[in-house]
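To keep things clear, I will list the structure first and then write my remarks on it.
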Amino acid sequence: MGLTVIDAGVLIGFLDAADAHHEAARRALAAASERGDTIAIPASAYAESLVGPSRRGDDAVAALRTFVDRFPIQVVPLDEPIAEAAANLRARLGQRLRLPDALVIATAQTLEADTLITTDRRWPRRSSLRFSGQLQHL
């Protein structure tokens with residue numbers, strides 16, 4: 001049992017069978033669930049995953065909300081330690097890391113996650129991020 005933090009792309013890919021990351025996201029979330037991990041998504045990434053459903057209407061938003069509740073996926077609020085860690089990452093890595101990505105990584109760092117899963121191949125290497133857990137790119 002551990003903690004797995006996901007970015008928005010993982011949730012989006014999992015829910016959209018046509019998404020290029022669908023199968024990999026499905027396998028990754030299934031593996032985390034089988035390990036008994038708590039699965040978490042930063043509130044910022046959750047908001048990002050709600051953009052598409054929001055365009056489609058209230059029923060699509062409700063469906064995503066229901067999935068997150070039933071899977072379950074914990075939505076982690078942005079607090080001062082996470083904000084400070086994200087700012088530190090941006091200050092150190094500059095343009096190599098966008099703020100939304102820094103917030104996901106900072107959440108994983110602050111919560112001492114065992115695994116961080118992303119669909120973003122542009123992230124710097126794990127050693128540059130100073131993340132001690134497993135970084136999994138889908």
Rounded to the nearest 10, the angle in degrees between the Cα long axis of helix 22-35 and the longest principal axis of the Cα atoms of the chain comes to 80 degrees
Given Cα pairs under 8 Å that are at least 6 residues apart, what percent is the relative contact order of the stretch 3-137?
29 percent
Theoretical gain in end-to-end length, SER127 to ALA20 [0.36 nm per residue, Cα-Cα removed]
35.8 nm
Once the mean 1/r over all distinct Cα pairs of the stretch 1-52 is inverted, what Kirkwood radius in angstroms do you read off?
11.1 Å
Just how large is the dipole of the chain about the Cα centre, in debye to the nearest 20, putting +1 at every Lys and Arg Cβ and -1 at every Asp and Glu Cβ?
540 debye
Output the 0 to 90 degree angle, nearest 10, between the alpha-carbon long axis of helix 99-110 and the longest principal axis computed from the alpha carbons of the chain.
80 degrees
[x] 168; [y] 101; [z] 113: which one is volume of the Cα convex hull per residue in Å³ as calculated from this entry?
[y]
In vacuo Debye sum over C-alpha of the stretch 36-99, base-10 log of normalised intensity I(q)/I(0) at q = 0.26 Å⁻¹, listed in q order, is -1.05
What longest region of the chain stays clear of trypsin sites (Lys or Arg not before Pro) that DSSP places outside H, G, I, E and B and that have at most 16 other Cβ atoms within 10 Å?
1-97
Test of understanding: in a Gaussian network model of the chain with alpha carbons linked when under 10 Å, which of SER128, SER49, SER33 would top the mean-square fluctuation ranking?
SER128
Counting helices only, and only those DSSP H runs with n ≥ 4, report the 222 nm mean residue ellipticity of the chain as the sum of -39,500 (n - 2.57) divided by its residues, in deg cm²/dmol to the nearest 500.
-16500 deg cm²/dmol
Spin-label pair LEU99/THR66, simplified geometry with 7 Å Cα→Cβ offset, distance in nm
3.5 nm
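The numbers here are math on the coordinates, done by the rules we state, and not lab data. Everything numeric in this text was worked out from a predicted model, so none of it was measured. Glycine also receives a Cβ, built like all others from the backbone with ideal geometry; neighbour counts cover every protein chain displayed.
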